[in-house]
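The values are calculated or read from the model by the stated rules, or taken from the named source; none is laboratory data. Computed from a prediction, not measured in an experiment: that's the story for all the values here. Here the Cβ positions follow ideal geometry from the backbone for every residue, glycine too, while neighbour counts run over all protein chains shown.
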Amino acid sequence: MADFGASDLDAFRTEVREWLAANYPPELRDGGAPTDPEAIWGGRRFEGSDDPQIVWMRRVAERGWTAPSWPKEYGGAGLSREQARIIEKELAAGGYRVPLASFGVWMLGPVLLEYASEEQKREHLPKIVRGEIRWCQGYSEPGAGSDLASLQTRCEDAGEHWKINGQKVWTSYADKADWCFCLVRTDTSKKHEGISFVLIDMSSPGVETRPIRLISGESPFCETFFNDVLVPKNNLVGRVNGGWDIAKRLLQYERQNISGGFGAGGGAGGVAGDLAQVAKDYVGTDEEGRLEDADLRARITRNKMDVHALQLTMARIAAEQKASNGPSAVTSIVKYAAASFAQERSELMVEAMGSQGLGWSGEGFSPDELRATRGWLRSKGNSIEGGTSEVNLNVIAKRVLGLPDPK
Amino acid sequence: MAVLSEEQSMLRDAAKSWVQEQSPVGALRKLRGDGAGLGFDPAAWREMGQMGWAGVVIPEAHGGSEFGWLSLGLVLEEMGRTLAASPLLATSAAAAALTLGGTDDQKAEWLPKLAGGEVIGALAVDEGPHHAPGKIALKAERSAVGWTLTGAKTFVLDGMAADLLVVAARTSGQPGEASGITLFLVPGDAAGLKRQALKLADSRGAANISFEGVEVRQDAALAGGLDLLDQVLDRARALLAAEMLGSASQAFETTLDYLKTRVQFGQVIGSFQALQHRAAKMYVELELARSAVEAALAALDAQAPNAAELVSLAKTRAGETFHLVSNEMVQMHGGIGMTDEHDAGLYLKRARAAEAAFGGQAFHRDRYARLQGF
Ligand SMILES: Cc1cc2nc3c(=O)[nH]c(=O)nc-3n(C[C@H](O)[C@H](O)[C@H](O)COP(=O)(O)OP(=O)(O)OC[C@H]3O[C@@H](n4cnc5c(N)ncnc54)[C@H](O)[C@@H]3O)c2cc1C
Ligand SMILES: Cc1cc2nc3c(=O)[nH]c(=O)nc-3n(C[C@H](O)[C@H](O)[C@H](O)COP(=O)(O)OP(=O)(O)OC[C@H]3O[C@@H](n4cnc5c(N)ncnc54)[C@H](O)[C@@H]3O)c2cc1C
């Protein structure tokens with residue numbers, strides 16, 4: 001990667017800004033027409049679609065900007081970290097819609113780049129960049145949550161193919177995804193060393209998904225069943241029984257990504273908007289411009305300061321890690337803090353709205369108010385998904401602080 | 001840790017080794033018995049002066065090295081680790097008042113002496129038990145030669161040792177009004193100035209100072225009013241936050257060592273998850289505090305428009321973290337943590353005293369919210 005100076009970066013910023021302005025579909029401008037809410041995730045079902053969100057995604061993907069730092073030969077733009085950040089910032093600053101939301105870009109792609117064969121990279125990475133294939137994550141099982149390595153989904157050698165049998169659970173968007181990156185057991189005599197990392201086409205015979213409804217009323221995740229599902233031999237990434245390292249690496253990317261969302265003040269379930277402004281609108285201010293409810297004001301201040309300190313920490317970690325490659329155990333620090341601050345923020349949001357923050361559906365509530373109620377409930381998952389807060393504290397205690405396991 | 005320049009790394013390393021060798025926690029214990037009430041060791045201060053620490057934020061033209069606030073913060077962080085006492089913070093804050101609000105003559109008169117450590121400076125701002133720069137009542141009235149100061153200041157850090165006091169006084173208006181505040185340079189030996197040494201829980205030096213018709217010359221006034229006071233205070237606050245971060249870091253590391261060595265129930269106590277999670281949370285708090293402190297110091301160096309906000313964030317975070325860690329230090333040490341012989345109590349006391357100086361968490365949360373417009 002070329003080493004760009006400050007003036008080159010300025011020139012790049014201008015280029016990005018101009019390109020985005022010139023290529024944003026007019027239908028999406030100023031709030032824009034409603035698009036299919038699933039379109040942002042892409043996938044097979046949008047093949048040939050002219051939904052403006054899909055048009056936007058294709059244009060950005062053509063430049064490789066949906067995965068800007070990936071190498072060009074796999075569809076990325078081969079850009080430096082600084083340049084990739086500029087694209088991210090310009091998208092946010094210009095109020096553009098996110099071109100592509102993708103487990104493929106956030107989690108799978110980075111580990112494929114590190115661990116996959118050349119053939120696997122050429123097969124899967126470009127389709128991820130272009131949003132053609134939507135991926136889901138088949139990690140958790142009914143008996144394997146925090147203790148992920150106790151997973152039991154069997155993967156047996158069936159000559160030409162692998163044969164998969166078992167059940168996954170909490171598989172986000174499994175009913176909508178085209179492919180699944182999945183942890184399976186290839187050796188029952190060992191725990192961690194008996195796990196492999198396989199890629200499964202969700203349209204294969206024997207795959208079944210059943211949506212599960214959440215406390216927020218939505219059904220973003222599923223139970224996923226595999227019954228004698230045949231998977232081509234070359235869909236196993238890395239070594240047979242060598243999947244655990246890949247699995248852990250992917251979790252670091254997942255935590256980093258989840259935290260990235262929180263850092264911006266949102267996080268899954270997070271409702272956009274300035275908490276203090278919302279409170280001012282719903283609670284009112286005194287003659288000096290302070291929130292009238294002193295107790296709420298103090299708690300909102302704490303949360304804003306927490307989020308501010310977390311953002312500074314993420315920036316500092318990024319600066320310190322510039323030379324190193326990829327995320328490390330410190331992602332657990334950020335994930336832990338981000339989850340708790342995001343949850344507090346969601347609580348404060350509904351509290352500030354008062355009875356207007358209690359709406360479930362229908363009239364009498366604005367769309368933002370309804371989103372706040374649902375978001376508050378959804379945010380409870382922030383400290384569970386991608387490794388629970390307790391598990392992240394364990395990681396910090398052991399990996400960062402060097403504290404021993406109990407006898 | 002911020003990405004440091006070579007100069008900064010060298011300064012930090014020098015501070016680290018000097019503090020560990022010349023000013024370990026034992027040095028503070030000795031001060032407790034010392035009757036002079038200065039709250040620091042003058043010989044140690046002379047050495048700091050010789051090493052150039054008093055000049056780190058003073059312009060080169062006036063005898064300093066002008067390395068900046070982040071650099072001085074690194075020194076104070078190292079000093080915080082062993083609770084090393086010195087008038088470095090107070091002197092640097094007084095120097096900031098001159099650099100930001102002084103005339104060329106005022107700077108030429110005082111800065112070189114402050115830079116070498118020959119003159120000790122201090123800020124005299126508060127007048128009651130809480131930090132409240134807006135409520136200054138000490139009066140400054142015009143006189144034949146210049147100004148006459150009448151009133152009293154409390155909790156002046158290093159006020160007993162100070163050769164030069166930077167005094168916030170009211171030239172007009174009522175306490176609570178933003179206009180009418182001026183900072184004055186008052187020599188420590190001025191007639192009518194009376195000091196009362198305070199023996200504090202943290203064994204540091206502080207004084208209550210009364211001004212009974214203290215006469216100063218016309219050119220004792222600094223330009224800038226309440227804005228200047230705020231900027232000077234922000235520098236003191238950021239430095240103190242850096243020192244608190246160092247103290248909290250050391251308190252944590254000492255505790256972590258204990259968790260790895262103390263055996264109960266046949267295993268080291270650090271293997272109990274109830275303690276592991278609390279240790280991990282402390283570590284998270286320390287990381288957040290470090291980010292805030294470094295960002296505040298860097299913002300002062302860059303004269304960034306959001307520096308005040310970042311300073312309030314830093315002082316709040318450092319305060320929260322230092323309290324948490326010093327309390328856990330006592331608790332996780334069990335009975336030994338309650339003893340005078342152990343260092344835990346020294347960190348606990350320092351956390352409380354540092355919290356009170358230049359505004360505690362409540363003050364800075366309120367200020368942060370105001371700066372953000374709610
Ligand atoms: C919104 C959401 C989306 C998700 N999406 C996906 C997905 O796409 N794919 C996927 O594979 N999974 C997904 N998950 C599952 C998630 O990874 C698991 O829920 C999580 O790992 C916890 O596992 P569990 O639910 O079995 O809880 P358990 O592991 O049974 O934990 C129960 C409680 O015990 C605590 N606990 C467990 N072990 C320890 C320990 N050693 N020390 C201290 N406390 C402990 C936990 O912290 C938790 O509080 C999702 C979860 C949520 C909430
Ligand atoms: C003011 C005072 C008065 C006292 N008076 C008396 C007295 O009159 N007579 C007398 O006999 N004793 C007395 N004690 C001693 C007191 O009972 C012990 O200090 C106490 O039992 C803790 O033991 P320890 O100090 O050895 O700490 P430790 O047992 O070493 O504990 C150190 C830390 O580890 C934690 N810890 C230990 N085991 C576990 C675990 N399994 N899980 C989680 N955390 C754990 C503790 O909670 C503590 O935070 C007194 C102590 C004090 C402070």
B:Phe358 being within 17 Å of the chain's Cα centre (by Cα), at positive phi and touching a residue at least 24 places away in the same chain (Cβ under 8 Å): yes
Subset of the range A:62-110 [of a type in the set (A, V, I, L, M, F, W, C) and more than 19 Å from A:Glu132 (Cα to Cα)]: A:Leu79, A:Ala84, A:Ile86, A:Ile87, A:Leu91, A:Ala92, A:Ala93
Residue check for B:Phe374: buried (at least 20 other Cβ atoms within 10 Å of the Cβ), more than 20 Å from the chain's Cα centre (by Cα) and without any contact (Cβ under 8 Å) to a residue 12 or more places away in the chain: yes
Condition check for B:Ala223: in a loop (DSSP other than H, G, I, E, B), at pLDDT 95 or above and closer than 30 Å to B:Ala190 by Cβ: yes
Long-range neighbours under 7 Å by Cβ, at least six apart or interchain, first residue more than 14 Å from B:Val214 (Cβ to Cβ) and outside the structural domain of B:Lys139 (by the TED database) within the range B:152-171, second among the hydroxyl-bearing types (Ser, Thr, Tyr) and buried (at least 24 other Cβ atoms within 10 Å of the Cβ): none
Residue in the range A:390-400 that is within 16 Å of ligand 2 (Cβ to nearest atom), at pLDDT 95 or above and among the small types (Gly, Ala, Ser) present: yes
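Listed here are the residues, each with its yes/no results for (1) surrounded by fewer than 19 Cβ atoms within 10 Å (Cβ to Cβ); (2) without any contact (Cβ under 8 Å) to a residue 24 or more places away in the chain.
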residue: A:Val330; (1), (2): no, no
residue: A:Trp360; (1), (2): yes, no
residue: A:Ile384; (1), (2): yes, yes
residue: A:Arg399; (1), (2): yes, no
Residue list for the range A:278-296, filter: within 31 Å of the chain's Cα centre (by Cα) and facing chain B (nearest Cβ under 8 Å): A:Ala279
Looking only at the range B:93-114, and only at residues there that are among the hydrophobic types (A, V, I, L, M, F, W, C) and within 18 Å of B:Leu233 (Cβ to Cβ), the one that is nearest to the chain's Cα centre (by Cα): B:Ala93
Selected residue (only one of B:Leu245, B:Leu259 is within 22 Å of B:Leu275 (Cα to Cα), more than 21 Å from the chain's Cα centre (by Cα), in contact (Cβ under 8 Å) with a residue 24 or more places away in the chain and not assigned by the TED database to the domain that holds B:Glu141): B:Leu259
Contacts under 6 angstrom Cβ, first residue in the range A:135-160 being more than 14 Å from every other protein chain (Cβ to nearest Cβ), partner within 11 Å of ligand 1 (Cβ to nearest atom) and of a type in the set (Lys, Arg), 6 or more apart: A:Gly138/A:Lys168; A:Glu141/A:Lys168
B:Thr316 within 11 Å of another protein chain (Cβ to nearest Cβ), surrounded by 21 or more Cβ atoms within 10 Å (Cβ to Cβ), modelled with pLDDT of 95 or more and more than 25 Å from A:Thr301 (Cβ to Cβ): no
Residues that are in contact (Cβ under 8 Å) with a residue 24 or more places away in the chain and under 30 Å from A:Met202 (Cα atoms), drawn from the range A:18-44: A:Glu38, A:Ile40, A:Trp41, A:Gly42, A:Gly43, A:Arg44
Flag if A:Glu320 is loosely packed, with under 14 Cβ neighbours inside 10 Å, within 14 Å of another protein chain (Cβ to nearest Cβ) and farther than 25 Å from B:Gln273 by Cβ: yes
Selection within the range B:246-298 - among the hydroxyl-bearing types (Ser, Thr, Tyr), within 13 Å of ligand 2 (Cβ to nearest atom) and more than 9 Å from every other protein chain (Cβ to nearest Cβ): B:Thr255, B:Tyr258, B:Thr261
Only one of B:Gly225, B:Gly266 that is surrounded by fewer than 24 Cβ atoms within 10 Å (Cβ to Cβ) and over 28 Å from the mean Cα position of the chain (by Cα): B:Gly266
Check on A:Ala247, closer than 23 Å to A:Arg130 by Cα, among the small types (Gly, Ala, Ser) and either modelled with pLDDT of 95 or more or within 13 Å of ligand 1 (Cβ to nearest atom) (or both): no
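Yes/no per residue for (1) part of a helix (DSSP H, G or I); (2) surrounded by 24 or more Cβ atoms within 10 Å (Cβ to Cβ):
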| site | (1), (2) |
| --- | --- |
| B:Phe40 | no, yes |
| B:Val57 | no, yes |
| B:Glu66 | no, no |
| B:Glu78 | yes, yes |
| B:Ala93 | yes, yes |
| B:Ala97 | yes, yes |
| B:Gln106 | yes, no |
| B:Lys113 | yes, no |
Residue in the range B:272-286 that is surrounded by fewer than 19 Cβ atoms within 10 Å (Cβ to Cβ), assigned to a loop (DSSP other than H, G, I, E, B) and either touching a residue at least 60 places away in the same chain (Cβ under 8 Å) or not assigned by the TED database to the domain that holds B:Pro133 (or both) present: yes
Filtered residue count, the range B:299-313, keeping only those that are in a helix (DSSP H, G or I), surrounded by fewer than 24 Cβ atoms within 10 Å (Cβ to Cβ) and within 12 Å of chain A (Cβ to nearest Cβ): 2
Top-ranked residue in the range B:321-353 [being surrounded by 24 or more Cβ atoms within 10 Å (Cβ to Cβ) and under 16 Å from the mean Cα position of the chain (by Cα); ranked as farthest from ligand 1 (Cβ to nearest atom)]: B:Arg350
Residue within the range A:344-354 that is closer than 28 Å to A:Glu82 by Cβ, away from ligand 1 (no atom under 15 Å from the Cβ) and assigned by TED's automatic domain parsing to the domain that holds A:Gln252 present: no
Unmet criterion (only one of (1) farther than 30 Å from B:Ser249 by Cβ; (2) buried (at least 19 other Cβ atoms within 10 Å of the Cβ); (3) away from every other protein chain (no Cβ under 14 Å); (4) within 24 Å of the chain's Cα centre (by Cα)) for A:Leu377: (2)
Meets criteria (modelled with pLDDT under 95, assigned to a helix (DSSP H, G or I) and in contact with an Asp or Glu (Cβ under 8 Å, 6 or more places away or on another chain)) for A:Leu9: yes
The one condition in (1) in a helix (DSSP H, G or I); (2) away from every other protein chain (no Cβ under 12 Å); (3) within 16 Å of ligand 2 (Cβ to nearest atom) that B:Glu341 fails to fulfil: (1)
